[in-house]
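All remarks here apply to the structure that follows.
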Amino acid sequence: MAAEVPPLRERPLATMKDMGMGDMDMSGGSMTGMDHSGMAMGAESGAAPMEMPAGETMPGMDMSGAAAPAAGAMAGMDHSSMGGMAGMDHGSMKMRDFSVAPQVDKNPGVQTISPMPPDRMGDPGQGLEDVGHKVLTYHDLVALERNPDVRAAERSLDIHLTGNMERFMWSFDGVKMSDYHEPIPFIEGERVRINLINDSMMSHPIHLHGHFFELVTGKGDRSPRKHTVLVQPGGTASFDFTADALGDWAFHCHLLYHMHAGMMRVVSVRPKGDGE
């Protein structure tokens, strides 16, 4: 038996949303009129700047206060449909602004910080936006049975997924596991909302051992229960977590080469009254 080989999908191109710049209106022609005088893309602390192909400029952009770009790193990005941004003032937007992520360690292993990361749990994923058929997202999932714990979270915890794609450095909050051995502590039975913020332009499937958690997708007491959640580039994903399994548990990116490079921590669930 033989059949025709189906055509390959078009190569996906990273957009401003994949850089953590939110749900900007990208329709239309050019970026004419934008003020980017303060946009710095990785110029601080010796990090490589986000770069444009050699000799290429964006019409109407004022780059008077930005670091001069070198060749190559933004090659492949789709800038063809950014006309809806004309006239916007981005003078204070930085791609490495640690003020929006104060807990992230400022070092060369953190190439970018997402300035306006949107919740992307309802997005189909890079390259799947216009494939001509329905693509399931986390918003399409509903638990068959009522969640076992429907309490509201007692506290929330932000965790940034950080890295430097050029140097292949990966971490949580800017620190790789080999440099930080203290676990992320939880008390037995507590209910916590975990907000994962992806500061890179790659997807990261984040996996927690020993537990299931409920994705925050507006499904109430039928929230989908998972142990792994894919956090899309420049976006966020949130889940509610009940610390119901005592002990130390691995928490890591399930792209195992990212895990081995440092995107991993230990989650420690301690008995009530133990060190409270």
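The values are calculated or read from the model by the stated rules, or taken from the named source; none is laboratory data. None of these values were measured; they are calculated from a predicted model. Glycine gets a Cβ as well: all are built from the backbone with ideal geometry, and neighbour counts include every protein chain shown. Side chains included, ligands, DNA and RNA excluded: accessible areas come from the protein's heavy atoms. Shrake-Rupley method; radii C 1.70, N 1.55, O 1.52, S 1.80 Å.
A few remarks follow.
- Legend: calculated FRET efficiency, D119 to L246, from the Cβ-Cβ distance at R0 = 25 Å, rounded to 0.05, equals 0.20.
- Under-5 Å amide H pairs with S200, H placed in peptide plane, nonlocal only: G234
- Computed from phi, the 3J(HN,Hα) profile of segment 127-144 under the Karplus parametrisation 6.51, -1.76, 1.60 (θ = phi - 60°) reads x, 10, 6, 10, 8, x, 9, 5, 10, 5, 10, 4, 5, 8, 8, 9, 5, 5 Hz, with x in place of Gly and Pro.
- Within the accessible area of segment 138-270, the carbon and sulfur atoms contribute 55%, probe 1.4 Å, all protein chains present.
- Spin-label model distance (nm) - D149 vs K226, 7 Å beyond Cα toward Cβ: 1.9
- Note on M165 and H207: their simple-model spin labels are 2.3 nm apart, each label 7 Å out from Cα toward Cβ.
- With R₀ fixed at 35 Å, the C-beta to C-beta distance from L256 to H139 puts the FRET efficiency at about 0.80.
- Sequence-distant lysines (8 or more away, or on other chains) whose Cα lies within less than 17 Å of K106: K94, K176
- Taking amide H as placed 1.01 Å from N in the peptide plane, the amide H of M21 sits under 5 Å from that of M116, each at least 5 places away or on another chain.
- Centroid-to-centroid separation of segment 122-136 and segment 179-200 [C-alpha atoms, Å]: 30
- Other-chain or far-sequence residues with amide H under 5 Å of V175's (modelled H): D105
- Each residue of segment 237-253 was assigned a 3J(HN,Hα) from its phi angle through the Karplus curve 6.51 cos²θ - 1.76 cosθ + 1.60 (θ = phi - 60°); the sequence is 8, 10, 8, 9, 10, 9, 7, 10, 10, 5, x, 9, 9, 6, 9, 7, 6 Hz, with glycine and proline shown as x.
- Mean Cβ count within 10 Å, highest first, over the residues of peptides 166-174, 204-212: 166-174, 204-212
- Segment 138-270: proportion of alpha-carbon pairs further apart than 17 angstrom, %: 57
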